[in-house]
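In what follows, a structure is listed as structure tokens, so that the remarks can point back to it.
Readers should treat all values here as calculations from the given coordinates under stated rules, not as data from a laboratory. Keep in mind the model is a prediction, meaning the values are calculated, not measured. Here Cβ is always computed from backbone atoms with ideal geometry, including for glycine, and neighbour counts include all displayed protein chains.
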Amino acid sequence: MNIFGFSILNFTMSRRKIAAGNWKMNLNLQDGVHLVHQIVKASRDKRVDTLLGVPFPYLLEMARLSRYMDNVDIMAQNCSHFENGAHTGEVSASMLASLGIETVVIGHSERRADNNETNDILKLKVDLALANGLQIVFCCGESLKTRKAKKHISFVKNQIKESLFHLKKKDFDHIVIAYEPIWAIGTGETASPAQAQEMHREIRKYLKSKIQNKANDISILYGGSVKPTNAKELFGQKDIDGGLVGGASLKAETFVPIINSF
Ligand code: PEP
């Protein structure tokens, strides 16, 4: 429950269907508010949890708005690996929690690449997010070079191991995994449903080795050029529980059909 005394999403519920948008560094506040209203109005399917990852400056306004939404929740796109202190421009997990934000994306490939976020740094972020009561959408995924070398499965497993496998079993109640092959992000190139399902199955199997049957309760999202035209087939795969969507989440015309694809 957040400071406003409400909570619509709860990762502790078993295996949820999730449509998560990632606005990245797009949209101004006015266009963002308009988009949220459009999404709230158009997506009434209570079986799907809709999350919107918005830029930091919009979080407070969006958190206030989300008081009146029962089908959409707001998440942050990142948090600092420092607890507090002299880190100009950083935003801490506790600051997010104080705004009433309940969920944070950690480990997006763009942050890994642009900000040199290593698995060890992400591990620190994960710990701080959990310590502040936040739920985590943890991103992992391989480059095209790694896939071509047929090392993609071990690469992704290692990302998960190094940033998450120090956690206790109960901590995984607060974690959603997003598998996002880097070669499919913002490129228009999508992993085929079979390629995505193969990786999701491997991730779930790997989680099982750590947390046994609790792995069946963890939502694993696919990300990488999800569109209204491919969402249904991707989300129809056995181990794919939804999507983390970049470009197509910036317009109601493309995001709402994705939410309605389950
Ligand atoms: C993303 O931002 O995580 C993403 C998958 O982007 P896109 O849908 O544009 O490929």
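Global dimensions of the chain from alpha-carbon coordinates: Rg and Dmax equal 16.8, 49 Å. If you take the Cα centroid of the stretch 35-58 and the Cα centroid of the stretch 63-135, the two points sit 18 Å apart. In the structure shown, do any of Lys24/Lys205; Lys148/Lys170; Lys125/Lys157; Lys41/Lys214; Lys123/Lys168 have a Cα-Cα gap over 24 Å, and if so which? Cα-Cα > 24 Å for Lys24/Lys205; Lys148/Lys170; Lys41/Lys214; rest within. Relative to the Cα centre, the charge distribution of the chain, modelled as +1 at Lys and Arg Cβ and -1 at Asp and Glu Cβ, gives a dipole magnitude of about 920 debye.
Please compute the contact order of the chain in relative form: average sequence separation of alpha-carbon pairs under 8 Å and at least six residues apart, divided by the residue count, as a percent. Don't jump to the answer; show the numbers that get you there.
Values: 493 pairs, mean separation 58.3, N = 262.
Value for the chain: 22 percent.
In terms of its alpha-carbon gyration tensor, the stretch 153-211 comes out prolate; a/c meets the 1.5 threshold, and the first ratio a/b outweighs b/c. Relative contact order, percent, of the stretch 125-238 when contacts are C-alpha pairs under 8 Å separated by at least 6 residues? Computed over the stretch 125-238, the figure is 29 percent.
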